[in-house]
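Chemist: Below you will find the structure I want to go over with you.
FYI, it's all coordinate maths here, none of it is from the lab. If you're wondering where the values come from, they're calculated on a predicted model, not measured in any experiment. Methodologically, a virtual Cβ is constructed for each residue, glycine included, from the backbone with ideal geometry; neighbour enumeration extends over all protein chains shown.
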Amino acid sequence: MLDRWTFGTDKRTEEEHKTLLKARRKDLAQLQQRLKEAKLPVIVLIEGWGAAGKGGLIRSLIRELDPRFFKVQPVSMPTEEERRWPFLKRHFASIPAAGKILFLDSGWVDETVRERLRGDLSDKEYAQRVESIRMFERQLAAGGYLLVKLFVHISETSQRCRLEKLERDKDTAWRAGENDWRQNKNYVQTLAAFDDLLEATEIPWAPWKIIDGTNAIQAQAAAADWMYRQICSALEERPIPDHPARDWPLVAMPALADVPLDKTLPGDKYEEQLKKCRKKLAALHNELYRKKVPVVIVFEGQDAAGKGGTIKRLASALDPRGYEVLPIASPSPEELSRHYLWRFWTRLPKTGHIAIFDRSWYGRVMVERLEGFCSEAAWKRAYDEIDEFERELTEAGTVVVKFWLQIDKDTQLARFQARQDDPEKRWKITDEDWRNREKWDEYQAAVDEMLAKTSTEYAPWHILESVDKRWARIQAMKIVIEAIQKAL
């Protein structure tokens, strides 16, 4: 791609480039209202060489735009704090809301190439990084995002001349950074690294546009024209990515109807085991923090299955400074305007910390599926997207533990009635709970499919028989202890 590039192939005059640029700026400004109406979010990723003119190009692109509906975000190398999360977390966190434009001054390409050239990524880690980027871009496109990807290309000689010019002026010397000079000194190796990553992420629904950065006006006109054409095309028909066939390492799960619910634990044994589990968990939490291992614990289950009580006992053993319980309700308007996984990427724990999700991303293939809150194509696609999401977490060193709390229909009815009769617990029962109960069989079938398709070897499901709450609580604590011990 880059190694086959020939500079100076555009034969239009300077005046022709200026005319095109002026027209496209106005065209882009007029498109903003259509973007809002179509609820089309746009990410403009601008990568390229140091001193290639990325900053000037961005200033040119936004010149006529309404600043209320776009954001420019410079992306530097991750800080030590940001490195405490998976690679994609900060990139997923920055995605724009529907109808808005995000301009990224560098991004995941520059970051990956720098780390590869520094030797921070092994061949295996680099391959995983490429797969993560491809997954990220595909999930965004499938979720309705448009990715406009530009790479500003200049020659070794042009880059060196520009860096020298910047250094001669005390007001611009800071712009000729150490990494820019390192690129120029190792131009051939850097070119090969850029070229390899661009080739690996060249996909039909998010193609790369190579911009000749030799002449600023020519580069700005080419970028504006490409961005305009990509947006117009997406407004007519959003690009739909091909979904790769996956062969996930799945763990066989029983159907919920076949799970025996007769497990019990006497009160005296419960108190004895609760005390032991709390002591063990407290010690493990200290070790997690010292070894910087993050933990994600997911609780799903039938209404009134006892999630709250189980979470309460589990959390009681942990250092309150090192964990967070995240109750997941219906998405807010801000969350609805972004990819459905955005609100979970932004709530992940950093290294050494624990996040306990009371309900989770699995709502996509349960309540959102059954209540018609997303399309059939969206929830069917979500099984693979969730498996990919959890693989990203585990490859980053996160311990993922998932629980499904199961009770029978009679137990649920008894608990519903008990809540309604108790003034202190009446808030826990809602009309929605009763409506969900009417769809018991539909929910059971959806959960069976969910368990079968998302119980992977790296993030398996654990079914907790929860007719006896004491049994379920102790089992949950024991499973978490075992998972953490295995990771440590």
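Chemist: Pull up all non-local amide H partners of Val325: gap of 5 or more, or a different chain, and H-to-H distance under 5 Å with H placed in the peptide plane.
Modeler: Result for Val325 returns Ile356.
Chemist: Could you sort 76-83, 442-449, 335-342 so that the peptide with the highest average Cβ count within 10 Å comes first and the rest follow in order? Show your work: numbers first, answer last.
Modeler: Values: 76-83: 11.1, 442-449: 16.9, 335-342: 18.9.
Per-residue mean Cβ counts within 10 Å order the peptides as 335-342, 442-449, 76-83.
Chemist: Tell me the mean residue ellipticity at 222 nm calculated for the chain from its helices only (DSSP H runs of n ≥ 4, each -39500 (n - 2.57), averaged over every residue, nearest 500).
Modeler: My calculation for the chain gives -16000 deg cm²/dmol from helical runs alone.
Chemist: Which ³J(HN,Hα) values, rounded to whole Hz and listed in residue order, are derived for the stretch 320-326 from phi using the Karplus coefficients 6.51, -1.76 and 1.60 in 6.51 cos²θ - 1.76 cosθ + 1.60 with θ = phi - 60°, glycine and proline given as x?
Modeler: Rounded to whole hertz, the list is x, 7, x, 9, 9, 9, 10.
Chemist: Quick one: which residues, 5+ away or cross-chain, put their amide H under 5 Å from the amide H of Lys402? H built at 1.01 Å from N.
Modeler: When sequence neighbours closer than 5 places are left aside, the close amide H contacts are Val298, His462.
Chemist: When you count, for each residue, the other Cβ atoms within 10 Å and take the mean per peptide, how do 11-18, 229-236, 137-144, 189-196 rank with the highest first? Please report the intermediate quantities before stating the final value.
Modeler: On the way: 11-18: 12.1, 229-236: 15.8, 137-144: 20.8, 189-196: 18.4.
The peptides rank, most packed first, as 137-144, 189-196, 229-236, 11-18.
Chemist: What is the Cα centroid distance between the stretch 89-118 and the stretch 175-206, reported in whole angstrom?
Modeler: Cα centres, the stretch 89-118 to the stretch 175-206: 15 Å.
Chemist: Any chance you could give the angle, 0 to 90 degrees and rounded to 10, that helix 216-236 forms with the longest Cα principal axis of the chain?
Modeler: Once rounded, the angle reads 40 degrees.
Chemist: Next question, about the same structure. Cα centroids of the stretch 211-278 and the stretch 321-400: how far apart, whole angstrom?
Modeler: 8
Chemist: For the stretch 241-246, in order, what is each residue's ³J(HN,Hα) by Karplus, 6.51 cos²θ - 1.76 cosθ + 1.60 with θ = phi - 60°, in whole Hz (x at glycine and Pro)?
Modeler: Using θ = phi - 60°, the values come out as x, 6, 9, x, 5, 10 Hz.
Chemist: For Phe70, which sequence-distant residues (separation of 5 or more, or a different chain) have an amide H within less than 5 Å of its own amide H, given hydrogens modelled in the peptide plane?
Modeler: Ile101
Chemist: Normalised by the residues of the stretch 9-113, what does the relative contact order come to in percent, with Cα pairs under 8 Å and at least six apart? Please report the intermediate quantities before stating the final value.
Modeler: On the way: 110 pairs, mean separation 44.4, N = 105.
For the stretch 9-113, the relative contact order is 42 percent.
Chemist: From the residues Gln230, Ile479, Met450, which one has its Cα farthest along the dipole of the chain in the positive direction, the dipole being from +1 and -1 charges on Cβ of Lys/Arg and Asp/Glu about the Cα centre?
Modeler: Farthest towards the positive end: Ile479.
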